[in-house]
Structure formats: structure tokens, C-alpha cells
Amino acid sequence: MPVMKKLKIQWNNQAGSALVFTLIVMVILSLLGLSLLGVMVNHTKLSSSERSDQSAYYIAEAGAALKNAEIEAAIERYYQGGEDSEAEVKGLIQSERTYTDFDEIFGKEPEASVHIESEQPNEDQVRQYKLVSTGTIGDRSRTVEQPFIVNWIPRKGEGIHLPDQTAVYANTTIDLSGGAQIKGNIKTNSEQAPSIRLEGGAELIDGKIFVPFGSEDDALEAPKKTLEDLPQPIGQEKGTMELPDFPPIPEFPLAENGQLKGGDGRKGYIHDGMLTIRGGDDYILPLHQSTSFKEIKISSNNTLTIDLQGRNQSIVVDHLNLENGHIELKNPGRLTIYVRHKLTFGSGSTWNKTGDTENTHIYYKGQDKLLLSGSQAINGSLFADRADVEITGGGEFTGHLFTGGSNVKVDGGASSTYLIYAPHAAFRFGGGGTLKGMVVIDSFSGGGGSRIEFEEFSLDDLPFVSDGVPIDVGDIITKEPIRETDE
């Protein structure tokens with residue numbers, strides 16, 4: 001066979017093999033391309049689904065924000081003297097809303113459906129609610145919820161009435177002896193003669209005397225020299241003294257078991273609703289939401305710092321038991337604490353001693369006397385339902401004090417500021433005690449070098465009541481964080 005013919009046959013054989021190889025490669029590449037295209041299509045579908053799902057969550061959050069804004073605006077209007085009644089505002093809060101004013105997402109119209117669940121009867125001053133918002137885009141829906149509390153404190157004109165520039169305002173008698181001093185006006189609602197008695201070097205400094213009309217001539221009893229230095233009583237209409245209603249105590253979930261942050265976890269822990277600290281350094285309680293305890297017990301001179309995380313929070317506890325311990329606040333917010341049964345201060349225990357007075361309110365439902373002595377101290381406002389109060393032997397109370405108890409005693413160098421409002425109580429004041437602010441009581445007895453000096457405070461800032469518009473709606477509403485639910 002000629003050489004050229006042989007080469008031509010070999011070339012033809014190789015060309016056939018190359019064609020087969022090329023076809024195989026093309027088939028493989030085609031299969032890979034189709035597979036890759038399928039993956040891309042599925043991924044695109046999945047990404048679109050995920051975007052729709054995430055967008056539905058954001059729409060649910062937006063619906064909650066819009067409803068919150070409506071609630072806050074309605075409550076603010078109400079406390080600014082709007083025409084709507086409290087019942088109408090409560091009805092607006094619980095009305096269902098559907099929001100559709102959103103931009104299209106993936107060619108679909110989003111909507112948020114919001115309703116409010118009420119967890120307590122309408123007549124309660126403190127109402128618990130739960131806002132539920134469902135965001136929907138096409139066939140995708142997600143739901144969030146947010147518990148919140150509204151404290152329906154009395155509106156302007158429905159609160160307490162306080163006379164101007166008055167240091168002591170008594171429903172019945174005012175008795176001063178033993179070098180006791182009052183700087184500022186005094187007033188009594190009593191028509192009995194005498195209703196105001198001074199003896200033993202007692203003084204009224206830079207003040208006027210107000211008594212009911214018709215009793216001006218017989219109201220005072222004092223030594224002749226003291227009478228010559230006293231101003232003539234001025235007739236005035238009787239005032240009213242009404243203690244605000246003690247609010248119902250809200251219900252919160254029981255605190256979960258666990259160790260407290262810091263210190264020795266074996267000595268600072270929560271178990272079965274009992275928070276216990278019995279040594280091992282100081283501890284922190286991050287408060288993520290309002291919660292309840294059976295007891296908070298701190299001993300061994302330890303400190304519990306409650307981290308409010310910048311929000312208004314509430315705690316309900318059966319027994320606040322500071323045997324020998326301290327509670328401080330971090331990252332306020334305001335802490336409102338409801339004590340159901342017992343409030344115990346022992347040794348040198350303190351509450352919020354280094355914090356701002358306005359950052360904590362205490363509601364005490366128990367009947368046992370609240371006693372502060374030694375270096376025990378409360379820095380914050382307190383409302384005791386029926387308990388007597390005694391601040392003695394260097395004990396300190398700084399804040400507004402309201403009580404429905406029948407006896408209040410301040411003695412032995414104790415110092416208190418702002419308003420003491422105890423319209424059913426006999427108030428005994430002695431032992432060098434000092435007060436700055438105003439005392440409103442049933443009867444007053446001062447002696448032993450004690451001194452009360454009127455000091456101005458804002459009625460708008462009073463807790464427990466409102467004689468003016470609240471500083472902001474945050475004084476009325478306490479919100480918990482938004483969280484997703486399976487509803």
C-alpha cells in the first residue's frame with residue numbers, strides 16, 4: 001500500500017475519534033449547564049421565598065409600631081384634657097386595625113393586621129394588654145406580639161389637692177413643743193378650739209396660719225410671748241384629703257431558675273421563684289421583661305444590681321427581704337416594684353441609695369409596719385396601702401411617701417424630702433428629725449428639736465396621682481420587648 005494512502009486512512013480514523021470525543025464533551029457540558037440552571041432557578045425561588053418571609057416579619061413589626069403610635073397619641077390626648085373619656089380611649093386601644101399603606105414588595109401588596117388582647121377587667125387602674133400583629137405578603141405570614149401595661153392614674157383635676165407654700169397640712173390638730181420648728185405655712189381643717197398649739201420654745205418661721213372660716217379667733221393656743229410673735233390666723237375654705245386608690249397588683253411570669261451574673265453562682269441564684277444571695281460577692285440581674293418572685297432575699301452585705309436595660313420594668317414579689325443587703329439600679333428606665341406581703345429592711349440595708357429618686361416606685365400591699373433605722377435607706381417613692389411607717393435612729397427616706405396607715409413617725413435625725421401624704425395618720429415628729437417638703441396628715445405632733453421646712457416640688461412629677469399632664473407617655477405605659485409568636 002502506498003504510504004500516502006496509508007496516512008490518509010489513519011487520519012480519517014483519528015478524525016472520527018475526535019468527533020465522538022467532542023460530542024461526548026458537549027453532552028456532558030450540556031448536562032452540567034442544565035443542572036446548574038436548575039440549581040440557579042431553585043436558588044432564586046428559595047431566595048425570593050426567604051425575602052418574602054423576612055419582609056412579612058418586618059411588616060408585622062411595622063404594624064405593631066403603627067398601633068403603638070396610635071395608642072400613645074390617644075393616651076397623650078386624654079391626659080392633656082382631650083374630649084374622649086377613659087372608656088373611649090380604652091375602646092380605641094382594643095380596636096382591631098389593618099394597615100395597608102406600604103409599598104409593593106415583589107409585585108405584592110403587604111398588609112399588617114393588629115389586635116389587642118386585654119388580660120384584666122376594665123375597672124382596674126393597672127391594665128395588662130398584649131398587642132398581636134400579623135404581617136402578610138402573598139401567601140407568607142409572620143406574627144409578633146408585645147405585652148404592655150397601662151397605669152390609668154387619675155387625670156388632671158382628679159388628683160390630690162395641696163395648699164400653696166404649706167409645710168404642714170393637718171385635717172385635725174397641730175401641736176408643737178420642745179423647740180420644734182416649722183418653716184412655711186401651716187393649715188388645719190379643724191374648727192375645734194384650739195386646733196393649733198405651740199409651747200416650749202416651738203416656732204413658726206416665715207409662715208402663715210390658715211384655719212376654717214369662723215375659727216380664726218380661737219384656733220391658737222400658746223404662751224403670751226409666742227402668741228405676740230405669731231401671725232393672725234387667716235380664714236379659708238376647708239380642703240379635702242383623699243388617698244389615691246391603691247392599684248391592683250399585676251401578674252407577671254415567675255422568674256426562671258438560674259445563676260445570677262457575677263460572684264459565686266452557688267451563693268447567688270434563682271430557684272423556684274426565690275432569688276437568694278447569701279455571700280460570694282455582688283451580683284447582676286439583667287431584667288429582660290417584667291417578672292415576679294416569691295422572695296428576694298439578700299444577706300451578707302451583698303449588692304444586687306438590677307439592669308433595666310434602658311426600659312421601664314416592673315417586678316412583683318411576695319417578700320422583699322433585705323436582711324443585710326443592697327439593691328441598686330443600672331441602665332434606667334424606671335423600676336416599679338409591687339410587694340404583696342412583707343417588706344423587710346435589716347442591718348444597714350439600702351434601696352437605690354446611689355441612684356436617682358425618680359427611677360423607682362415601690363407599692364407595698366402588706367400590713368406590717370415599714371421600719372427604717374440605723375443606716376437603712378430608701379431612695380425612691382413609696383405607696384403603702386395600709387402599713388404604718390417609722391423612720392428613726394438615722395434611717396433615711398428620700399422621695400414621695402404615700403400611706404393609708406394610721407401612724408407615721410419620723411425621729412432621731414432621720415431625713416426625708418418631697419411629700420409625705422398620709423391623710424389617715426397621726427404624725428409624730430421628734431428626736432432632732434429633719435424634713436424638707438410637705439406633710440399632709442390627720443394630726444401632727446412635733447417636738448424634740450425637730451424641724452420641717454417647706455420645699456417646692458413639681459406636682460406634675462408626683463407618682464401615684466396626676467395633678468397635671470404626665471411628663472411623657474412613658475409614665476403611663478410600660479412595654480416589654482417585641483417577640484415572634486407562632487400564632
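Select, from Asp206, Asp245, Asp272, the only residue that is out of contact with any strand residue (DSSP E or B) (no Cβ under 9 Å at 6 or more places or on another chain) and either buried (at least 17 other Cβ atoms within 10 Å of the Cβ) or in contact (Cβ under 8 Å) with a residue 12 or more places away in the chain (or both).
On the way: Asp206 fails: out of contact with any strand residue (DSSP E or B) (no Cβ under 9 Å at 6 or more places or on another chain); Asp272 fails: out of contact with any strand residue (DSSP E or B) (no Cβ under 9 Å at 6 or more places or on another chain).
One residue alone meets the criteria, Asp245.
One residue alone among Thr136, Thr166, Thr172 is surrounded by fewer than 16 Cβ atoms within 10 Å (Cβ to Cβ) and among the hydroxyl-bearing types (Ser, Thr, Tyr), and that residue is Thr172.
Taken together, Thr172, Thr136 contain a single residue that is modelled with pLDDT of 90 or more, more than 20 Å from Lys479 (Cβ to Cβ) and in a loop (DSSP other than H, G, I, E, B), which is Thr172.
Among the strands (runs of 3 or more DSSP E) confined to the stretch 231-339, the ones with at least 2 residues that are over 30 Å from Asn189 (Cβ atoms), of a type in the set (A, V, I, L, M, F, W, C) and modelled with pLDDT of 90 or more are located at 274-277, 283-286, 291-298, 302-307, 313-322, 325-330. For the stretch 410-418, state whether one or more residues are outside any loop (DSSP other than H, G, I, E, B), surrounded by 24 or more Cβ atoms within 10 Å (Cβ to Cβ) and at pLDDT below 90. Yes, the stretch 410-418 contains a residue that is outside any loop (DSSP other than H, G, I, E, B), surrounded by 24 or more Cβ atoms within 10 Å (Cβ to Cβ) and at pLDDT below 90.
Of the residues examined, Gly405 is one that is over 15 Å from Gly432 (Cβ atoms) and either surrounded by fewer than 24 Cβ atoms within 10 Å (Cβ to Cβ) or at pLDDT below 95 (or both). Quick check on my filter: what residues within the stretch 324-374 are more than 25 Å from Ala422 (Cβ to Cβ) and crowded, with 23+ Cβ neighbours inside 10 Å? The answer is Gly325, Leu329.
The residue that is farthest from Glu242 (Cα to Cα), among those in the stretch 343-387 that are assigned to a loop (DSSP other than H, G, I, E, B) and of a type in the set (D, E, K, R), is Lys353. If the condition is being crowded, with 17+ Cβ neighbours inside 10 Å and among the hydrophobic types (A, V, I, L, M, F, W, C), then the stretch 231-242 contributes only Met241.
The single condition among (1) modelled with pLDDT of 90 or more; (2) assigned to a strand (DSSP E or B); (3) among the β-branched types (Val, Ile, Thr); (4) touching an Asp or Glu at 6+ places or on another chain (Cβ under 9 Å) that Ile186 does not meet is (4). Selection of first residues in the stretch 431-450 that are more than 15 Å from Tyr169 (Cβ to Cβ) and of second residues that are among the basic types (Lys, Arg) and surrounded by fewer than 21 Cβ atoms within 10 Å (Cβ to Cβ), restricted to Cβ pairs under 8 Å at least 6 apart or on distinct chains, gives the following pairs, ordered by first then second residue: Gly433/Arg451; Thr434/Arg451.
When Ala422, Ala426, Ala384, Ala377 are checked against the criterion of being among the aliphatic types (A, V, I, L, M) and surrounded by fewer than 20 Cβ atoms within 10 Å (Cβ to Cβ), a single residue qualifies: Ala426.
Among the candidates Glu251, Glu295, Glu256, single out the residue that is loosely packed, with under 14 Cβ neighbours inside 10 Å and within 17 Å of Ile337 (Cα to Cα).
Details: Glu295 fails: loosely packed, with under 14 Cβ neighbours inside 10 Å; Glu256 fails: within 17 Å of Ile337 (Cα to Cα).
Exactly one of Glu251, Glu295, Glu256 is loosely packed, with under 14 Cβ neighbours inside 10 Å and within 17 Å of Ile337 (Cα to Cα), namely Glu251.
Answer yes if at least one residue in the stretch 66-74 is touching a residue at least 40 places away in the same chain (Cβ under 8 Å), within 13 Å of Thr134 (Cα to Cα) and part of a helix (DSSP H, G or I), and no otherwise. Yes, there is a match, as at least one residue in the stretch 66-74 is touching a residue at least 40 places away in the same chain (Cβ under 8 Å), within 13 Å of Thr134 (Cα to Cα) and part of a helix (DSSP H, G or I).
The values are calculated or read from the model by the stated rules, or taken from the named source; none is laboratory data. The structure displayed is predicted, hence computed values, not measured ones. Cβ sites come from the backbone with ideal geometry, for glycine too, and all protein chains shown count toward neighbours.
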